[in-house]
Amino acid sequence: MRLLTHKHDGRLRLAALIGEQVVDLATMWAARTGETAPPDVRGLIEAGPALWARLAEALAAGDVASFARPLAGLELAAPIQNPSKVIAIGLNYWDHVREQGGEPPKRPLVFAKFPTAVTGPRDEIVWDPALTNKVDWEAELAVVIGRTARRVPAERAYDYVFGYTVANDVSARDLQFGDGQWVRGKSLDSFCPLGPWIVTRDEIPDPHALTIRCAVNDELVQDSTTAELIFGIPALIEFLSHAFTLLPGDVILTGTPDGVGHFRNPPRYLADGDLVTAEVGGIGALSNRCRVETRTSGSA
Ligand code: ZN
């Protein structure tokens, strides 16, 4: 299944993507079963595998056209709005380590992005020039956790994966490296575009064989494959879940390949009006316009 969230009549609607058609889950599920569908993706994940299977069956069972509208023209929101945490991994691609000329990390380099940074796949990335002038892109494969994970061995890790999506780990490099730790520079509002949808695990047989790319306007700036991951998804879930509990809907950004702006010579950063497109093969693409905007204290 491909699950997305879109805005309709001022409300967020949970839907499944079938081809170029978007099937509204609330109306389809009510008509087919008489039951109320989970209100959002996190609720659907928390409902568990039995419900996911029934939902997939209902979507495959035949005519869902009366619950569908075309994808084109819909206003997409982040596929998951309210994860309990967004965990990110630094320096996790061999080519990204090589471009910095350093040693690969001996264990995963873990940091956090606050969930308030999450934004939609077509939304603007906005920053205040008084806060940062070194905003960079990082295309990433993101893992969405499917059930509570505590001390999970690597060989059972995929049992805990609900699916995959695309992330842009937007980074204010001046804050990231000036602060001595990374959370502020990684967590500005709008600095975590996610989407355009979540693809369930069954549709991605090998998440370590996907193309991963980023373009700024028409220029391709990152072009790699998830085969370059240093710590793969099972190793990450084992490592993380031995330190803290992963909850359904938690998002893990697995790292970015080479080609970020900060390590170019000369360095290059995003500017007002730039369009950043981050894409993972077999999943989809984010496309976010940058906006530099001076904010005053107290303004929303
Ligand atoms: Zn990153």
Return the calculated 222 nm mean residue ellipticity for the chain, to the nearest 500 deg cm²/dmol, obtained by summing -39500 (n - 2.57) across DSSP H runs with n ≥ 4 and dividing by the residue count.
-4500 deg cm²/dmol
Could you tell me what fraction of 2.2 N^0.38 Å the Cα radius of gyration of the stretch 1-101 comes to, as a two-decimal ratio?
1.35
Quick one: accessible area per residue over the stretch 167-231, 1.4 Å probe, rounded to a whole number of Å²?
38
Can you pull the one-decimal nm distance between simple spin-label points at A60 and Q81, each 7 Å off the Cα toward Cβ?
3.0
Step through the table entries K85/K186; K7/K186; K85/K106, compare each Cα-Cα distance with 22 Å, and write down the pairs that go over it.
K7/K186; K85/K106
In whole Hz, with x marking every Gly and Pro, tabulate ³J(HN,Hα) for the stretch 144-160 from phi via Karplus 6.51 cos²θ - 1.76 cosθ + 1.60, θ = phi - 60°.
9, 6, x, 8, 4, 10, 9, 6, 8, x, 3, 5, 10, 4, 5, 4, 9
Counting Lys and Arg as +1 and Asp and Glu as -1, what is the net charge of the other residues whose Cβ lies under 13 Å from the Cβ of G282?
-1
Using only the Cα atoms of the chain, what semi-axes does the equivalent ellipsoid have when each is the square root of 5 times a gyration tensor eigenvalue? Give whole Å, largest first.
31, 23, 17
Fraction in percent of alpha-carbon pairs per bin - 10 Å, the stretch 60-158
9, 28, 32, 21, 8, 1
With a probe of 1.4 Å, find how much accessible area the stretch 2-77 has per residue, and write the answer as a whole number in Å².
51
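Take peptides 285-291, 193-199, 65-71 and line them up by average Cβ neighbours within 10 Å, highest first, as a rough protection proxy.
Values: 285-291: 19.4, 193-199: 27.3, 65-71: 15.0.
Most protected by this proxy first, the peptides run 193-199, 285-291, 65-71.
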Selection of GluC sites (Glu not before Pro), the stretch 1-48, meeting DSSP coil and at most 11 other Cβ within 10 Å
E20, E35
Approximate spin-label separation L220-L131, in nm, with each point projected 7 Å along Cα-to-Cβ
3.3
Using all C-alpha to C-alpha distances in the stretch 122-198, build P(r) with 5 Å bins and read off the rounded percent in each one.
3, 14, 20, 17, 14, 14, 11, 5, 2, 0
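Roll a 1.4 angstrom probe over the protein heavy atoms and tell me the percent of accessible area of the stretch 86-292 that is carbon or sulfur.
Details: 3990 of 7930 Å².
Summing carbon and sulfur atoms, their accessible area is 50 percent of the total for the stretch 86-292.
Hey, got the dipole for the chain? About the Cα centre, +1 on K and R Cβ, -1 on D and E Cβ, debye to the nearest 20?
Dipole magnitude for the chain comes out near 720 debye.
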Per-residue HN-Hα couplings for the stretch 164-177, Karplus 6.51 cos²θ - 1.76 cosθ + 1.60 at θ = phi - 60°, whole Hz, x for Gly and Pro?
9, 8, 9, 10, 10, 7, 4, 9, 8, 5, 5, 6, 4, 8
Go through A30, T148, I89 and say which Cα lies farthest out towards the positive end of the charge dipole of the chain; charges sit on Cβ, +1 for Lys and Arg, -1 for Asp and Glu.
T148
If you line up the long axis of helix 49-60 against the longest principal axis of the chain, both from Cα atoms, how many degrees apart are they, to the nearest 10?
70
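Calculate the dipole size of the stretch 173-300 relative to its Cα centre from +1 charges on Lys and Arg beta carbons and -1 charges on Asp and Glu beta carbons; express the result in debye to the nearest 20. Before the final figure, lay out each step's value.
Working: 10 positive and 17 negative charges, 82 e Å.
Computed charge dipole of the stretch 173-300: roughly 400 debye.
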Please name which of L76, P105, C214 has its Cα lying farthest along the dipole of the chain towards the positive end, using unit charges on Cβ (Lys, Arg +1; Asp, Glu -1) and the Cα centre as origin.
P105
In order through the stretch 8-22: 3J(HN,Hα) via Karplus (6.51 cos²θ - 1.76 cosθ + 1.60), integer Hz, x for Gly, Pro:
9, 6, x, 10, 8, 10, 8, 8, 10, 9, 10, x, 9, 10, 10
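The values are calculated or read from the model by the stated rules, or taken from the named source; none is laboratory data. Quick caveat: nothing in here was measured; it's all calculated off a predicted structure. Cβ: placed from backbone, ideal geometry, glycine included. Neighbour counts: every protein chain shown. Calculation scope for accessible area: heavy atoms of the full protein, side chains included, ligands and nucleic acids excluded. Shrake-Rupley method; radii C 1.70, N 1.55, O 1.52, S 1.80 Å.
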